[in-house]
């Protein structure tokens, strides 16, 4: 099944945010559990351990085995989850990071509107960052709906071109 790239670039004076929206076919309490319960996240994103309260630090073991440290910046049950993700790579001698906010809103039909905002997204990284969030948000929806989870190959490299040109498309 062909997947569509859905990220939008929101421009600010000094940075860009990458924004996604999804409709989850479940109430906000069920969607919140899928986002915050370690047993739930293990099924579609990665298992986390640590202090899940605001200000707490967690470590997420991704499906491919990599560890992703994060700090909880906000946690308003069934409304808002904020994370500061910390990473290192070969190009950066010091840890670098980004913040991600996930907002939930109850729908009249019993579902949940989910908006994910990846703040200060580096335009040079959109080609890999963009498909990743599409992939994980679709996994969230499929997990909650009880549907089969897609594979990464359905997203990358097919979405790469969209995200490489996203900055130009938004002007």
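The values are calculated or read from the model by the stated rules, or taken from the named source; none is laboratory data. Everything numeric here is computed off the predicted structure, so don't read it as measured data. When we count neighbours, we look across all protein chains shown, and the Cβ atoms used for this are built from the backbone with ideal geometry, even at glycine.
Annotations for the structure displayed:
- Applying the condition of being surrounded by fewer than 16 Cβ atoms within 10 Å (Cβ to Cβ) and not in a helix (DSSP H, G or I) to the range 108-126 and asking which residue is modelled with the lowest pLDDT yields 122.
- The residues in the range 6-53 that are in contact with a helix residue (DSSP H, G or I) (Cβ under 7 Å, 6 or more places away or on another chain), assigned to a strand (DSSP E or B) and surrounded by 17 or more Cβ atoms within 10 Å (Cβ to Cβ) can be counted, and the count is 7.
- Taking the range 57-67 as the range and being over 19 Å from residue 138 (Cβ atoms) and surrounded by 13 or more Cβ atoms within 10 Å (Cβ to Cβ) as the test, the residues that pass are 57, 58, 59, 61.
Table: residues versus (1) surrounded by 15 or more Cβ atoms within 10 Å (Cβ to Cβ); (2) modelled with pLDDT of 95 or more; (3) more than 12 Å from the chain's Cα centre (by Cα); (4) in a strand (DSSP E or B).
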position	(1), (2), (3), (4)
75	yes, yes, yes, yes
100	yes, yes, no, yes
128	no, no, yes, no
167	yes, no, yes, no
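- Subset of the range 143-159 (residues that are closer than 20 Å to residue 38 by Cα and buried (at least 16 other Cβ atoms within 10 Å of the Cβ)): 143, 144
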